[in-house]
Structure formats: C-alpha cells, structure tokens
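The values are calculated or read from the model by the stated rules, or taken from the named source; none is laboratory data. What you are looking at is a predicted structure, and each value in this text was computed from that prediction instead of being measured. Because the Cβ atoms are built from the backbone with ideal geometry, glycine has one as well, and the counts that use them run over all protein chains shown.
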Amino acid sequence: MEPSNANERMRLRAGSIRTHYPGEKRGMYTSYIGPDLSFSQFEPSSDSEVSFMSDISDQFVVPFEGTASIFSSSINLINTISGAGLLALPYTIMRSGWVVGLFSMIFVIVIGSISFYLLSFISDALQVFNYGAIAQKLYNRHVGNLVNILIIALTLGLLMAFTVLIRESMFFFSANPELEWAGQISLIAVSLVAILPLSLLRNLNSLWFTSLLSIVCLVYFMVMILSFAILSNSSSAINTNIVHPINKGSPAPVNTSLNLILAIASLSITFCGHYNSLNIYKEVRNKSLTKMKHIIAIVAVVVALLNLTVGLAGYFMFTDQCLPDILLNLAEYPSAHIWSEIADIGIIFVLVFSFPVVCFALRRAVEDAIFQTEYVRRKWSILISVTVVAFTALVGCFVNDVGIVLDLTGMLAGVPLVFIFPAVFTLSFLNPKSHYNRQFSRALRLRLAIEQREKPLKPLKHKDSTNTDSHTRLSNDDAAAPMEPVRGQKQRKMRQSLEAELGEGGETLKRYYNNYYMGPVQLAQERIFRNTSRLKRLRALSWVSFILGLILFVSALGTTCFISIDLSSVDN
C-alpha cells in the first residue's frame, strides 16, 4: 500500500539501503539482505534530517554473521602465510647464519603476532573488516588507496610466482626442454580446471578444506626433511647407503657479508598474512578479539614449528651447500629420489590450493579500490577473478623467473603491511588529537546538539489561568523552533554549529554520522578508552612493531638500491 504522506514515504526510504552498482541509476533503494554496512549510503530528505539521524545507530549498523570456526579460520590463515617458500628457508638461513636466522624467525613471528592483534583490535573497534577501508576511516581515501595498491602489488607478485613454480614443479615435463610446450598446456589446464573454480568462491571459509590439504603437504615436507637430516648424522644409515657423506662446511652462526641484510629482509616476510587476516576475521562465527587471539596463537605455533624445523634441519644437513630449493639437495641421495618426486607433486597441490586464498585478498583490494564499496555485484567479482587467473597463467607460461620481482614486492609492500601500518593505525586511533578522534568527537557534540534541538519545551507551572493562557500563546509562537533555551557560551556555540551544519543541507552532518557515529562502534570505543592499562600496553606494542618495521623497511630500500645498481652494472 502506498504511504499516505511525505513523512511516511521518508521513513520507508530512510530505513532502506541505497545500493548503487555501476551502470545503474543512482537513488535506487533495496531492502537489506546482506552482511555489514560499512560502506552503505543513505539519502533521506533534508527536511527530515534531524529525526532520521537521532536513531541512526538502529538503522545503520547491521552486524555480519560469519560461519567460520576457529579451526577453519586458523587453517586458512596458515595457508595464507606458509607455502612453497618453506623449502627456501634453509638457503636463506645459509645466507644469514643459523643463529641470526633462528633469532630472526622467532622475532618476526612474535612481532607479527602482535601486529596481527593490533590490526584485529582496530578492525573490531571501528567495525570495519577491510585493510584499505580502515586506512580510509582513520585518514582519507588516498591512504586507503595506498594500502590497496600495496596489497595488490604483493598478492599479484605472489600469484605470478605460484604459476611459474607450478610449471617448473612438473618434473615429468621440465626435465626435457623439448616438452616445454607440454608444461605450458598443463599449467593452463590446471588453471582452468582447479584454480579458477576455487578462485570464484564467494567466501574464504569455503576454502578451508583445500587449505587443510595444503598444510598436510607442508607437514609431509617437514617430516621428510627432518627424517633425512637425522639419517645424515646416523652412522648406520651411512653404512647401509641410505645416505652418503656430503662435502660440506661447518655450520656458521653469523654471516658477515651483504647476504646477511638480504636474508634478514627475506625472513621478515615469513610471517606475512596480514593482507588477508581481516577477511578471515570477518567470517568468524560470533567474532571477538578473544577468538582472534586464539586463532593468532594457533597460527603462530604451527608456522613456527614448520619454519624452524624445515629451516634448521635443512641447513644443518647441507650447510654451505644449500640450494634455493632444498629438494634439489635431497636429490643427491639416491634413496630420496622417490620422496623428492612425491614432494614435487605436493608442491603443485600447495601452490594450487594457496592460489585461491591469496586471490581472494587481491580481489577484495581491487573491489575496494575501484568500486569503493563493501559489496560488489557478483559479475564484477567473477570478472576480476577470471582476469587475475588468466594473467598469472600467461606469466607462468612464458616467464621463467620472477624471484627478483617477488623479493622486491615482498620487502617494499610486505614489511609496511605486516609491521608499520598496524602500529600506525593503533597509535593514531589511541591519540586523542588524531584526525579520526577529532571528527568522532565533533560527531558526538552534534549528536548532543540534535538531542537538545529535539527536546520539547517543558510547560511552566502557573497557578492562574491568565498566566497559563499567555504561556500557551508563547508556545504556539515558538512552535516553529522547538528548542529549549540554551544557557552558557558552550551551549550557544553548539547550537550555532548545528545550525551551520543543517544550513548546508545536512550533507556534512550525514557524513559525520555515517563515518564516525554508529551505536555499537561508540560503545566499543568507550570500553576501550576506559581500560587505561590496556591502552598503555597497546601503545608500547605499537611502538615496538613500528620501530622494527621502519628498520626493516629502510634495509629493504637499501637492498633495492643495491640490486638496481648491481643489475645496471651487469648490463653495462
């Protein structure tokens, strides 16, 4: 039934969600049927601005109900962090020294876990579950675009490396140069049959089983390398020709060459999964910081076990003879030939099952950068996924080495995303004079002014009817401005501020409420700022993460300059 008057039409309109897609006319309203509304827009009529804004917390924030468990979320985050790069850790430790490598891996996991928590803390406080959107919320759209560009660069570099490694891991083709075309066709077939369908899934929780299979393959690598490391030091295994002595040097605790800086920069991104952590956190069922702490703890323990075991066992087995792929070293043992081929097949599974998880983060960053909204039509998500899979498959077919590109994007994009941005976001959020907190405070002051404006006049108590009639006439005369008289300079300024906002058609006021005043967000932030001891711990952890990230980023810049100079000298 059509509403009878304009006010009823306005209320129906204000209670609906404006969803604008590319190619559609603006101003269309549809009922809400999806998850949270961090980027939704409202367009109430200007004459009803005050009454609409007074209950915006009930109309604007609709929580997203996730379905992922702690176990499935942990599995997806482990798969995001760990992958085929695990087999390169012995070579990296050889370049740094085993003491420096051990300390660096432990330190990076500890600080990385802290930055995971800081990022989840900011996301929970703002009720925004997108890395770039948090940057936009705290600062502006330009900072949000910068974060999205870094995520796109990092994830795209990873995906290109995945496809190159998939083709190279097909040992049944790569051993014969004449069969290179067969490897290319096999890569295209794998991309179409396995990678593309998994990359089209709507949410990450649907990928938890394939992530589990990927982790099973990583555990197989760990057990195999640890077993041969133990056998290489067993006299009985040497006497039975299971393994044979290798001409190798003694383990070096510290490497004093320039390789030390390169190795530390590489080890700094061995716990890099922050670009996808908020996507995972968003899908957790009944999400809370306590659950996220459990997820982070599980992930840290599993990743530490994998990295330390494979890295140290592989290094002590071959020391200064380590190759960038430890499986190439194991091929020197005749008894390890079959196990290495099984591991090569396992690498293909790891890469295929890790691709969709990383592609999901890339797709979300592209959607946020282009459409600037939380929810995008399905056809655009499909188009982005198909484009990414097709592009990376072509790169994998015709490019043989993306190692330098991967190292540079990992150091220049991974280090800020892992260490610097979570710390800066937290420090900015906890700073009362930051841009976000100034705007948030202004929104609360406007809220108070609105409540005073809407408050009706209290009838004065008079004993005689004459005074009552005069008061009635006074009330009728002031009906057009139903605001209680303000007292004091502060209240007068607040009223003037409100009138100025409403004089602009309410657009500025709507923006403040849209961005800074949401009921659950305000309550969450009030709880945060009441706990002063927690604030001190968060500031201390943020400074530690920021200083470490800044040091690593400067070293990464120095490494980049050195590589550029070295490459230019080689060309000359």
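This table checks each residue for (1) modelled with pLDDT under 85; (2) part of a helix (DSSP H, G or I); (3) farther than 30 Å from N241 by Cβ.
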site	(1), (2), (3)
E332	yes, no, no
W339	no, yes, no
F349	no, yes, yes
S354	no, yes, yes
V358	no, yes, yes
R363	no, yes, yes
V366	no, yes, yes
I370	no, yes, yes
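A quick yes/no check of all residues on (1) free of Cβ contacts under 8 Å to residues at least 24 places away in the same chain; (2) part of a helix (DSSP H, G or I); (3) closer than 20 Å to I109 by Cα:
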{"residue": "A297", "(1), (2), (3)": "no, yes, yes"}
{"residue": "T319", "(1), (2), (3)": "no, yes, no"}
{"residue": "L328", "(1), (2), (3)": "yes, yes, no"}
{"residue": "A343", "(1), (2), (3)": "no, yes, no"}
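Only a single item in (1) assigned to a loop (DSSP other than H, G, I, E, B); (2) within 30 Å of P422 (Cα to Cα) is not met by I264, and it is number (1).
Identify, from the list G396, G410, the residue that is assigned by TED's automatic domain parsing to the domain that holds A88, part of a helix (DSSP H, G or I), of a type outside the set (S, T, Y) and at pLDDT 85 or above. Give the derivation first.
Details: G410 fails: at pLDDT 85 or above.
Step by step, each of G396, G410 is checked, and only G396 is assigned by TED's automatic domain parsing to the domain that holds A88, part of a helix (DSSP H, G or I), of a type outside the set (S, T, Y) and at pLDDT 85 or above.
I'm trying to understand the selection: among the residues of the range 230-248, which are among the polar types (S, T, N, Q) and either more than 17 Å from Q321 (Cβ to Cβ) or outside any loop (DSSP other than H, G, I, E, B) (or both)? Step through it out loud before you land on a result.
Step one: of the range 230-248, the residues among the polar types (S, T, N, Q) are 232-236, 239-241, 247.
Matches in the range 230-248: S232, S234, S235, S236, N239, T240, N241.
T270 falls short of the stated requirement of being more than 17 Å from the chain's Cα centre (by Cα), in the same structural domain as N233 (by TED's automatic domain parsing) and among the polar types (S, T, N, Q).
In the range 199-249, of all residues being of a type in the set (G, A, S) and within 27 Å of L159 (Cα to Cα), the one that is surrounded by the fewest Cβ atoms within 10 Å (Cβ to Cβ) corresponds to S206.
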